[in-house]
Amino acid sequence: MNSKNDIIAIGGIGGSGTRVVAQILEKLNYFIGYDLNVSYDNLLFTLLFKRQEIHSIGDDEFNFLVDIFMKIMSSNEIITKEEMAYLSKIASNDRLFHPATWLSERLRYINKNTIHNSWGWKEPNTHIVIDKLFDNIENLKFIYVYRNGLDMAYSSNQNQLKFWGREYLGEKNLDITPKNSLKYWCMTHKRMQDFKKQFPNRVLMLNFDRLCEETSTILDSIKRFLGSKQEMRFLETIIKKPASIGRYKNFPLENFDKEDLDFISTLYNNMLDEQKINIGLL
């Protein structure tokens, strides 16, 4: 069940600037969901896919989830009794960050279905299941939004590390520290780089720091990726440079593993070399 135009998904580690990219889509007249929070997260996606057991469910069940999501987001089909029973079941148990009462509230938005030719969604955790989503939605494109991993290591938003870190970093008793935050960032970024190589025309790695510094240039790259003919300059006013850019400079680099610092250096033109020399890492 696909709409005729490309479907645009937005994801990234929480705090990376995904909300601004969602606002860009919305202002370009993309429908991004009925049930949104203040961060523009699509909460239907959260209900269906932000589940710690998501990697253990079978392909048939995952396909069933995608069918429900597509039906609600861009069709006028009514949810069946079987589908509603499934939704009620997955909304009935508390999850980390989301109690059952909150999950059940999402069901209020079921069967508001309307056909939308230009649509997409933003939910940071989309990258967790993007490979399976690509298997199911042939006209899906993905914008992965990222910021400097060292700045992200000191963000107050460490929800993804708390939610997925034990699974992805392989530690049962994972400490929520800048060191582990950077490790999670590096692991995720490498995975997205590999995914981009697989699907070069369907994945955009969007550096939010550059969007703030080189706004017109990066907006043009978004325009090309979307295949849009709309003028983008009017969007420049919603893009604000966060004060947290460069905050990593206020902290010592010895908090991190050398391999992660080396990876960051390859992405940011060796910007860390002087600091690494000062603490004896080079």
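The values are calculated or read from the model by the stated rules, or taken from the named source; none is laboratory data. Please read all numbers here as calculations on a predicted model, not as lab measurements. Glycine also receives a Cβ, built like all others from the backbone with ideal geometry; neighbour counts cover every protein chain displayed.
When Ser221 is tested against (1) farther than 21 Å from Asn29 by Cα; (2) under 19 Å from the mean Cα position of the chain (by Cα); (3) of a type in the set (Gly, Ala, Ser), exactly one condition is not met: (1). Filtering Asp41, Asp67, Asp94 for residues that are touching a Lys or Arg at 6+ places or on another chain (Cβ under 9 Å) and of a type in the set (Asp, Glu) leaves a single hit, Asp41. Would you point out the residue of the stretch 217-276, among those that are part of a loop (DSSP other than H, G, I, E, B), loosely packed, with under 12 Cβ neighbours inside 10 Å and basic (Lys, Arg), that is modelled with the lowest pLDDT? The extreme case among them is Lys229. Can you give me the number of residues within the stretch 241-271 that are of a type in the set (Lys, Arg) and touching a residue at least 60 places away in the same chain (Cβ under 8 Å)? Qualifying residue count, the stretch 241-271: 1.
Against the criterion of being surrounded by fewer than 19 Cβ atoms within 10 Å (Cβ to Cβ), among the charged types (D, E, K, R) and within 19 Å of Phe251 (Cβ to Cβ), Asp135 does not qualify. Note on the stretch 23-97: enclosed helices (runs of 4 or more DSSP H) holding 3 or more residues that are of a type outside the set (A, V, I, L, M) and surrounded by 18 or more Cβ atoms within 10 Å (Cβ to Cβ) are 43-49, 59-74.
Answer yes or no: is there a residue in the stretch 111-120 that is surrounded by fewer than 15 Cβ atoms within 10 Å (Cβ to Cβ) and either of a type in the set (Lys, Arg) or in contact with a Pro (Cβ under 7 Å, 6 or more places away or on another chain) (or both). Lay out the reasoning, then the answer.
Step one: filter the stretch 111-120 for residues surrounded by fewer than 15 Cβ atoms within 10 Å (Cβ to Cβ), giving 111-112, 114-115, 117.
Checking the rest, the ones that are also either of a type in the set (Lys, Arg) or in contact with a Pro (Cβ under 7 Å, 6 or more places away or on another chain) (or both) come to 112.
So far as the stretch 111-120 goes, yes, one or more of its residues are surrounded by fewer than 15 Cβ atoms within 10 Å (Cβ to Cβ) and either of a type in the set (Lys, Arg) or in contact with a Pro (Cβ under 7 Å, 6 or more places away or on another chain) (or both).
Scanning the stretch 137-175 for residues that are farther than 22 Å from Met205 by Cα and not in a helix (DSSP H, G or I) yields Ser156, Gly170, Glu171, Lys172, Asn173, Leu174, Asp175.
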